[in-house]
Amino acid sequence: MDNQAREAREMTKQLPFKERMINFWFYNKWIVLGIVAAVLVIVFTIYEINNTPAYDTLVAVYTSSAMPDETVSKLNAALSEYCNDVNEDGQISVSITPISGNRQDGSEESVAAETRIMSELNSGSNDIYIVDQDYYDFLTDDVYGECFSQTYCFDPASPLMQDLGYNGNLYLLVRDFYPSQEGNADKRAAYNNAVAIYQGIAGIQTPDNED
C-alpha cells in the first residue's frame, strides 16, 4: 500500500500544474473550505470587536406605541447633557434602544418586549429605563419593583417634554447596582453615570453640584 501511495504521489507530481490543482481540490476541498470558514469567522469577530461602538450608557425605552425617531434623537440629546465620559474615549455617547408593544392587547410584540425586559434585568445590561405608564406599572410591580429605587416621572409641562412632543406619562428608572457587579469597575462607573443622568434630568441637587 505504501508503494502504491508513493507511486501515486510521484505520478501526481508529473501532472501539469492545472491538473495537479484539480486533483488537490478533489481530495482536499472540504479541508480547504473548513480552514477558509474558520479564518473568516476569526476575521469577522475581530472586525466586530474593533468596530463596535463603546457607549457611555445604555438606555432601554419601552412604550406601548413606537416612539418616533425624532423623539428618540431629542431624548438622546437631553440625556447626553448629563452623561459622563465613563469609557474615557473623549466623547459622550448614549445608546437608546426603543422597544414597543401594547401590553393591553397581549400582542406578540408586547410578549417579546416583556421577555426582553426580563432578560435585561437578569443580565444587568441596561442601567436606565425610560418607559410609559403601562411599562412603568409592569416594572414596579412586586416582581420587578425591587430592581429600581430611583424613579422619576417627567413633568408633562416641562420644556423637555414639550420639546419631545410626547403625549402621555414618561418615567425614567435607574436599575439598582447588583451586588454581583461590585468587583466590576466598569459596571460601577456605568451605574454612577446613570445616577448622574437621573439627577440631572430630575433636577436633583447634590453637594457636588449645588451652587
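The values are calculated or read from the model by the stated rules, or taken from the named source; none is laboratory data. Here the structure is a predicted model, which means the values were calculated and not measured. When we count neighbours, we look across all protein chains shown, and the Cβ atoms used for this are built from the backbone with ideal geometry, even at glycine.
Observations
- None of Asp85, Asp137, Asp69 is free of Cβ contacts under 8 Å to residues at least 40 places away in the same chain and surrounded by fewer than 10 Cβ atoms within 10 Å (Cβ to Cβ) except Asp69.
- Annotation note: of Thr57, Thr97, the sole residue that is within 29 Å of Ala185 (Cα to Cα) and at pLDDT below 90 is Thr57.
- Look at (1) of a type in the set (S, T, N, Q); (2) out of contact with any Asp or Glu (no Cβ under 9 Å at 6 or more places or on another chain); (3) crowded, with 19+ Cβ neighbours inside 10 Å and you find that Thr115 fails only one, number (3).
- Filter pass, Asn76 being surrounded by 14 or more Cβ atoms within 10 Å (Cβ to Cβ) and either assigned to a loop (DSSP other than H, G, I, E, B) or in contact with a His (Cβ under 6 Å, 6 or more places away or on another chain) (or both): no
- The number of residues in segment 67-94 that are more than 19 Å from the chain's Cα centre (by Cα) and at pLDDT 90 or above comes to 7.
- Tabulated pairs, segment 149-177, first at pLDDT 90 or above, second in a loop (DSSP other than H, G, I, E, B) and among the acidic types (Asp, Glu), C-beta under 6 angstrom, 6+ apart or interchain: Arg175/Asp127
- Residue match in segment 100-121 (condition: closer than 23 Å to Asn87 by Cβ and polar (S, T, N, Q)): no
- Condition met for Asn102 (touching a residue at least 12 places away in the same chain (Cβ under 8 Å), in a loop (DSSP other than H, G, I, E, B) and under 18 Å from Val72 (Cα atoms)): no
- Residues satisfying the stated conditions in segment 56-73, i.e. more than 16 Å from Tyr129 (Cβ to Cβ) and assigned to a loop (DSSP other than H, G, I, E, B): Asp56, Ser65, Ala66, Pro68
- Residues (in a loop (DSSP other than H, G, I, E, B) and surrounded by fewer than 20 Cβ atoms within 10 Å (Cβ to Cβ)) located in segment 168-198: Gly168, Asn169, Asp176, Phe177, Tyr178, Glu182, Gly183, Asn184
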